[in-house]
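Structure first, then comments.
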Amino acid sequence: MRWAFKIGNQIRVSVILAIIVALLVISNLVMQRDIDSMDRSFTSIYNDRLMPATEFFYITETLYQKRLLLEKNVLAPSIEKTDLTDKLDTYDSKIDSLLTEIEKTYFVLDEASLLSEFKERREAYDQLENKVIDLAYANDSRQALAMLENEGGDRFNAMLSDLHQLTEIQSNNGRELLNDSHHIKASVHMLTFLEVGVAIVLSLLVHVILLTTITVQRKSNQPFHLN
């Protein structure tokens, strides 16, 4: 019967080991998935949130540079009209390039609609700029300045409002992605503790089985006495 007992113990140990290995494999697969998800979150924070926020800042800065240049030449034009429009076109090209880079990133619903609204308002503002330039270089600086400050001021502030909201979206979504990464990190820690726990349980089970086997073998080796 000793051989049967040994075979039974071997089967039990094999089953336990198979279960432990399966748990460890599943745990590692889940951990790998979580790590990949964390990597995507951090990549998205940089590519889809940090970079667009920086580009929105540069767009705002460029809009101010355009406006200052235009204001400077409304009351007292210091350069030729074609030179002024060329400089303004250079600023516009810079903004177009920044918008092209932004449009390559992932958009949430609010972000897409706000960006579309900003582009429409910018187009309207550019048309107003052309009217202001025509008036200024037609010796009607007073009307040109009034148009730039009144209607132009309202349109300019509307563009800035869109850019401000777009920047806030980057911040809020970046914070959400960071929170998701924290949750994933906690999940990875939990799985790590689970693997350590499984390893401890495995060693204890093997130890108990070995002790049981030794005890039974000792008993089976004792001589049998009849009273």
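The numbers here are math on the coordinates, done by the rules we state, and not lab data. Just so you know, these numbers come straight off a predicted model, no measurement behind them. All Cβ positions, even for glycine, are placed from backbone atoms using ideal geometry, and neighbour counts span all protein chains on display.
Annotation for region 59-121 versus region 141-165: alpha-carbon center distance of 13 Å. Please grab the % of Cα pairs in region 69-144 that end up more than 20 Å from each other. Tail of P(r) above 20 Å: 44 percent of Cα pairs. Compared with the alpha-carbon gap, the fully stretched path from Thr90 to Ser116 is longer by 7.2 nm at 0.36 nm per residue.
Modelled label positions at Ser161 and Phe193, each set 7 Å beyond Cα in the direction of Cβ, lie 5.0 nm from each other.
Pairs to check: Lys72/Lys94; Lys104/Lys131; Lys72/Lys104. Give those whose C-alpha atoms are more than 29 Å from each other in this structure. In this structure, Lys104/Lys131; Lys72/Lys104 lie more than 29 Å apart at Cα.
Residues Phe156, Phe107, Phe193, arranged from fewest to most other Cβ atoms within 10 angstrom of their Cβ, appear as Phe193, Phe107, Phe156.
Counting neighbouring Cβ atoms within 10 Å and putting the fewest first, the residues Ser78, Ser141, Ser161 line up as Ser78, Ser161, Ser141.
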